[in-house]
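Note sheet for the following structure.
The values are calculated or read from the model by the stated rules, or taken from the named source; none is laboratory data. Worth saying up front: this structure is predicted, and the values here are computed from it rather than measured. FYI the Cβ positions are ideal-geometry reconstructions off the backbone, even for glycines, and counts take in every protein chain you see.
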Amino acid sequence: MASHLVHTCVRVRDIDASLRFYEALGFERRGRLNFETAYNVYLGLPGDGDKLELTVNDGREEPYDLGDGYNHVALVVDDLEQTLAHLKAAVGVDPEKPPFHPGGREELPHIAFVQDPDGYRIELIDAAFPTPQDPDER
């Protein structure tokens, strides 16, 4: 049985662009691990472990196929509007659409989706909240 989540790994083509993006969100570089034809860069948020692994494969030129199974990674931010303004100024990233309440449910915080340089979607959630739970009735 698992005891905790170690990290999520995404494959990136331009490590510099990826680092600029994730550092603009508050991630810190924690370390690097070199292999024969690739390397990993580990990132984490202040006060947390190394939760994000960026893998760079030597010689990769074409974009990765993200498939239709991956959707997003979610991050809580202190101030959604400020975070979006910072991403725009720091790395030129705009949200997919303006902040909204998921499913039109006003009791849920505003969210917005942005994409990293490789097209991975990142959900930004305005302030901490417990994961919403509805009854298991459908």
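So which residues in region 1-16 are out of contact with any Lys or Arg (no Cβ under 9 Å at 6 or more places or on another chain) and either polar (S, T, N, Q) or surrounded by fewer than 14 Cβ atoms within 10 Å (Cβ to Cβ) (or both)? Hits for region 1-16 are Met1, Ala2, Ser3, His4, Cys9, Asp14, Asp16.
Residues in region 1-50 that are closer than 21 Å to Pro95 by Cα and of a type in the set (Lys, Arg): Arg20 only. Being modelled with pLDDT of 95 or more and more than 23 Å from Asp14 (Cβ to Cβ) is a property that does not hold for Lys88. With respect to being over 14 Å from the mean Cα position of the chain (by Cα) and within 26 Å of Pro132 (Cβ to Cβ), His72 falls outside the description. Elements of the type strands (runs of 3 or more DSSP E) sitting completely within region 1-44 and holding at least 2 residues that are in contact with a Ser or Thr (Cβ under 7 Å, 6 or more places away or on another chain): these cover 8-12, 38-44. The set of residues in region 93-138 being farther than 26 Å from Leu66 by Cβ, loosely packed, with under 11 Cβ neighbours inside 10 Å and among the small types (Gly, Ala, Ser) consists of Gly104, Ala128. Checking each residue in region 70-92 for being exposed (fewer than 11 other Cβ atoms within 10 Å of the Cβ) and under 28 Å from Arg32 (Cβ atoms) picks out Ala89, Gly92.
Taking the condition touching a residue at least 12 places away in the same chain (Cβ under 8 Å) and out of contact with any helix residue (DSSP H, G or I) (no Cβ under 7 Å at 6 or more places or on another chain), does His86 pass? Against the criterion (touching a residue at least 12 places away in the same chain (Cβ under 8 Å) and out of contact with any helix residue (DSSP H, G or I) (no Cβ under 7 Å at 6 or more places or on another chain)), His86 does not qualify. Mind listing just one residue for me: the one in region 23-67 that is aromatic (Phe, Trp, Tyr), modelled with pLDDT of 95 or more and within 19 Å of the chain's Cα centre (by Cα) and, of those, surrounded by the most Cβ atoms within 10 Å (Cβ to Cβ)? Here the answer is Phe27.
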